[in-house]
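Participant: Structure below; questions to follow.
Any read-out appearing in this document is the output of simple, stated calculations on the displayed coordinates, not a laboratory observation. Since the structure is predicted, the reported quantities are computational estimates derived from the model, not experimental observations. As a convention, Cβ positions derive from the backbone with ideal geometry for all residues, glycine included, and neighbour counts pool all protein chains shown.
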Amino acid sequence: MNDIELTLARQWTRDIMTELWSCRADRISTVMAPDIVAIASHEREYLIGPDAVIDHFKQLFAVFPIVFLEREEYHAIALTDEVCLVFGRYLARTALDSGQLLMDEQRLSFLWRQNTSDDPEEPALRLFHFQISNPAPIPQETEKYPVRAGRYSFEYLLAVVDEILSLESKNAILFEARSGAGLKGKSLHLVPSSDILYVEACGKDSRLHLTNMVLEIPQGISEVLTQLPPGFVSVHRSYIVSARAVSRLDANSVTLRNGETIPLSRRRRTEARHELIAMLQAVRI
């Protein structure tokens, strides 16, 4: 196989894995060879033919959570002039809102061969064998995917977070923030209130400015305010500031200890100034 075909096999393998973990089988359904044989897990150890493969995945899609792939590695090598092997691994991780906890490394191997058909509508390569390792080593009862184990793990994680919040820091706040490419992913952050300098409205979201980073929070600024402890003041419809972070109070603005200036709204100017002065005096006593 030439370099173009090896690149194509590697890209199609990546596409198939991304789609399967998103509960879709678009790519694989169009490139499987009629004589494909796959090695699967559970009671149907071997899958023979495209119909068996698609039927198997449709059953799994009914219980699969949406899974994101990270640390992906795909390598392609030519075995003969007509056949190549794509092998690799990745880290599978469930979304935070899936209700299940999964983070495990998974391995794969795909065998591709050149398509000898003269039909220009046919794909250039055909997938005739693949094996994907089972990312869940302890399935429960008859489940094709360990739904119960994943749910229990997720509930355990939430219990641990609750314990941290109650025992270690009453003023620490758990925020769900946007992350990843295009801020399409989500991550959990346990933020001490003392680290928050100010909150900025950003459309329907909020931007949490901390001492060492900025978090994009998928909540409105009014909702964020309800989660903050005493010591935070809404000085503008688009800004909430921490009294501890204020270094200077002027007629129309406040200056924070990091040098940033936050405007005081005309409507809330008097009330906000009185609140800040009272909090600053309490902090310095």
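Participant: With a cut-off of at most 10 other beta carbons within 10 Å, and DSSP calling the residue loop, which GluC sites (Glu not before Pro) in segment 1-63 qualify? Please list them. Let's see the in-between values first.
Facilitator: Details: sites: Glu5, Glu19, Glu43, Glu45; in loops: Glu43, Glu45.
Listed in order of number, the matching sites are Glu43, Glu45.
Participant: Treat each spin label as a single point 7 Å out from the Cα along the C-beta direction, and report the Ala52 to Glu70 distance in nm.
Facilitator: 3.6
Participant: While we're here: For the residues Ile66, Ile16, what sequence is obtained by ranking on other C-beta atoms within 10 Å, fewest first? Don't skip to the answer; put the middle values down first.
Facilitator: Numbers: Ile66 12, Ile16 24.
So the ranking, lowest neighbour count to highest, is Ile66, Ile16.
Participant: Here is a follow-up. Count neighbours as other Cβ atoms within 10 Å of each site's Cβ, and list the GluC sites (Glu not before Pro) in segment 224-285 that are DSSP loop with at most 16 such neighbours. Let's see the in-between values first.
Facilitator: Values: sites: Glu260, Glu271, Glu275; in loops: Glu260.
Counting only loop positions with at most 16 other Cβ atoms within 10 Å, the GluC sites (Glu not before Pro) in segment 224-285 are Glu260.
Participant: Test of the criteria: in segment 176-245, which trypsin sites (Lys or Arg not before Pro) are in a DSSP loop and have at most 15 other Cβ atoms within 10 angstrom of their Cβ? Walk me through the numbers before you get to the answer.
Facilitator: Details: sites: Arg178, Lys184, Lys186, Lys204, Arg207, Arg237, Arg244; in loops: Lys184, Lys204, Arg237.
Passing both the DSSP loop test and the Cβ count: Lys184, Lys204, Arg237.
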